[in-house]
Each structure stands twice: as structure tokens, then as C-alpha cells.
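Contents: one structure, followed by commentary.
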Amino acid sequence: MTTNLTQPISKRLLFAILIITIGAEIDLYITRYSTLAGTLYDAIMVSSFFIGLKLNKRLERPAATPKTKRQWTLQLTGAFLIFFIGSTIINYYSSLAFHDFSSNYDQNVQQYTDTVSGGDDVASTDSVSTFFDQVDTVGPDLYTDALAGLEEVWRLGYMILILVICKKVFRRRWEKGSRDIFLLMALFITSILFGIDHTLDTAEPWSIKLGAIVTFADMGLLFGLILLWTRSLWIAVIAHSVYDITATISWYYFDYAVETFAGLVFIAHIILLAIEKSRQRKLTRRQVMDAVQMAE
């Protein structure tokens, strides 16, 4: 994988990677002072989709058999379940180890949803207006959640940069073939940066900021592992976006939206897994019968 990730990078692609990584971090920090910076950050996330189309090819196994739609869906449902279970454990740990952060986060979510939901004092009797009022209430958050998945392009871009630097700096060790340590280093560094980035747009006391860094770094590590396991940027992107979207729905409408959705995903995963196992057994049986016939 490291060989693919560190293939020669054109100047144009290198510039694009720097924009969606370091540039995005600078812009994210400026959002605490400027609303325009927030709009620019969204634009960077949108543009990262097109950069991801190029970077995803570096993750794919060379000469690998293309996945079927069922296999692709199984990896997606499995990725979501892995993150759901892992994030549940992380959130529970954070509530015990970082009480200030946990309490502050819950209060901020409650205050934010109360402010947004109560923004319109006059109720509209027009059904069309009511519909768009709801869209304007929740829509911006869902839009942001959808773009949040593209942070995985940011991660992959950073991993490529880190690995390229390691290839240059530690040339002898790289040529010996001991490269897994560099991949793990890139995963660890991007996870820490993922945690730090979730504190850049607001100024908080260190008791809160430290909890946020550790909590989101752990979640970033989960997404990074999913990226390396599936070797698909888009599975990680979709899993990230869908989780954030269900979390937002739980803020506004249904407290257990994430848990309910995870339960439905689990049922779908079991059904698809059973179908895939059955197909594999039939394929193996057919191959055995073909081999017997050829032997005769």
C-alpha cells in the first residue's frame, strides 16, 4: 500500500493536496473570527471530492478482482457498525475521563438546537412555507454533515504527504521494506490532527479542549483504520457522513436515531452476509465439480 500511496505526485496534485490539508486547517482556525471563512471551508470540502477521485486510486490493490455490489455494501455496513461500536465506547470513556468536555458538549448541543429550532417566532400556516422552514432549520446542519465525510480525503492527503516525507528522510529503512511503521505513524499523526482540528474554530479552556482532542482523535483513528481496512476512500467518506447525519437527526427529532439506524444496518449486514456466504459455498461447490469432471 505504501508503494501505491507514494507514487510520483505532479505539482498540480501536490498543490491541491496542500490546499485541502494545511489550507483547510488555516481556514478552519479563521472561522472563529469570520463567517466568510466558514463558507470557504465548505468550498474546500466540496473541491476535495474531485481530488479524492485521484487519490482513491492509490488505495486500490493492483490487479485486484473488482468487488461486487453486495461485497461493497457489506464493507460499508461493516464500516458503519465498527465506527458505531467504537464511538459508543469512546463517548462512554470520555464522559468518565473528561467530564468538563462531556458536559460542555452536551450543553452546547442543547443550546444550539434550542436556538435554531426556536428561531422563528411566527408559525406559518402555509404548508409550503412550513416545509421550507424545516429545511432551513435542519438543512444547513445536514449539509455540513454530508461535507464532513470528505474530511477523509483530508486524512488520505495528509497520509500521502507524511509517507512521501518519510520516504525521503528515512531512505535506507524505506528501501529495506520495513514500511508498516511509517504507515502507522501517518495514521497516528492524522488522528491527532483530526482531534486538534475539532478545537480550532472555537476558543475553550484546556480542560475542555484536551477532552475534545482525545475524544475526536480516537474517532479519527477509527476512521483511519476503516480507510486502511476497506482500501476505499468512499466507504470511509459515506460512513463518516451517515454517522454525522444520524447524530444530527438525534439532536432535533429522535434521541435514539443513531442507535436505531445502527440496528437496521446490523440486520441488513447479517442478511447480506448470509447471502454472500451462500453464494461463496455454491461457487466453491461448482469449482470442485468442474475439477472432478476435468479429472475424469
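Here are the numbers for the structure shown:
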quantity: Lone qualifier among Phe80, Phe84, Phe50 - being out of contact with any Lys or Arg (no Cβ under 9 Å at 6 or more places or on another chain), of a type in the set (Phe, Trp, Tyr), within 30 Å of Leu14 (Cα to Cα) and modelled with pLDDT of 90 or more; calculated: Phe50
quantity: Complete set of residues in region 264-283 that are open to solvent by less than 70 Å² (accessible area, probe 1.4 Å) and in contact (Cβ under 8 Å) with a residue 12 or more places away in the chain; calculated: Val265, Ala268, His269, Leu272, Leu273, Glu276
quantity: Tally of residues being part of a loop (DSSP other than H, G, I, E, B) and out of contact with any helix residue (DSSP H, G or I) (no Cβ under 7 Å at 6 or more places or on another chain) across region 30-51; calculated: 3
quantity: Whichever residue in region 179-206 is open to solvent by less than 60 Å² (accessible area, probe 1.4 Å) and of a type in the set (Gly, Ala, Ser) and, among such residues, is nearest to Ile26 (Cα to Cα); calculated: Gly195
quantity: Failed criterion for Arg231 (all others in (1) touching an Asp or Glu at 6+ places or on another chain (Cβ under 7 Å); (2) surrounded by 19 or more Cβ atoms within 10 Å (Cβ to Cβ); (3) not small (Gly, Ala, Ser) hold); calculated: (2)
quantity: Criterion: without any contact (Cβ under 8 Å) to a residue 40 or more places away in the chain, among the basic types (Lys, Arg), surrounded by fewer than 17 Cβ atoms within 10 Å (Cβ to Cβ) and in contact with a helix residue (DSSP H, G or I) (Cβ under 8 Å, 6 or more places away or on another chain) - qualifying residue of Lys11, Lys67, Lys54; calculated: Lys67
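Let's see how each residue does on (1) open to solvent by less than 90 Å² (accessible area, probe 1.4 Å); (2) modelled with pLDDT of 90 or more:
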| position | (1), (2) |
| --- | --- |
| Tyr105 | no, no |
| Asp126 | yes, no |
| Asp136 | no, no |
| Gly149 | yes, yes |
| Tyr158 | yes, yes |
| Lys168 | no, yes |
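The values are calculated or read from the model by the stated rules, or taken from the named source; none is laboratory data. The shown structure was predicted, so the numbers you read here are calculated from the model rather than taken from an experiment. Because the Cβ atoms are built from the backbone with ideal geometry, glycine has one as well, and the counts that use them run over all protein chains shown. Ligands, DNA and RNA are excluded from the accessible area calculation, which covers all protein heavy atoms including side chains. Shrake-Rupley method; radii C 1.70, N 1.55, O 1.52, S 1.80 Å.
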